[in-house]
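Colleague: Let me give you the structure first, and then I'll get to my questions.
Throughout, read-outs are computed from the coordinates displayed, never taken from laboratory work. What you see is a predicted model; the values in this text were computed from it and never measured. Cβ placement follows ideal geometry from the backbone for every residue including glycine, while neighbour counts extend to all protein chains displayed.
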């Protein structure tokens, strides 16, 4: 049986960043995510989340709408854009139609209300990661097509 190193396994797990000022929520969500096979990290503030997204790639971010240094909706536009696109899920204990519409317009991929239903959170994460994988496959396919087309153009010039 082929032995897989722990380091390689860690790199293949989807990376999720939990952004919430409530330490208990950060810890509980991170532990649940790790138990479900994800590589979880956390940030207490929007500023910390921004710094982390510039240092590491995350597949998905769970973002509380009320953070000590900024609004979670504001954070949506400040987190580093990546390819494949990081999926962003807003979590709020203050649900309003205005918040939901604003969050979706600023780039949220989903919106979940507190108190958290863990099964719903996990299902939403799985759905968003599936969409991300589809987008990544499409991007890779487009890249291959572009390279093939450029090679043909270069060959015609020769």
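Colleague: For 64, 22, 41, which order do you get if you count the other beta carbons within 10 Å of each Cβ and list the fewest first?
Modeller: So the ranking, lowest neighbour count to highest, is 22, 41, 64.
Colleague: Listing 130, 55 from the residue with the fewest other Cβ atoms within 10 Å to the one with the most, what is the order?
Modeller: Lowest count first: 55, 130.
Colleague: Just want the ordering: 102, 127, from fewest to most Cβ atoms lying within 10 Å of their own Cβ.
Modeller: In order of increasing Cβ crowding within 10 Å: 127, 102.
Colleague: Can you pull the semi-axes for the chain, root of five times each eigenvalue of the Cα gyration tensor, sorted largest first, whole Å?
Modeller: Working from the Cα gyration tensor, I get semi-axes of 32, 21, 14 Å.
Colleague: While we're looking at this one, here's another question. Using 0.36 nm per residue of separation minus the Cα-Cα distance, give me the extension gain between residue 66 and residue 28 in nm, one decimal.
Modeller: Taking 0.36 nm per residue and subtracting the Cα distance, the gain is 11.9 nm.
Colleague: Pull up the DSSP beta bridges for region 7-158 and report the antiparallel fraction as a percent, rounded to 5.
Modeller: 5
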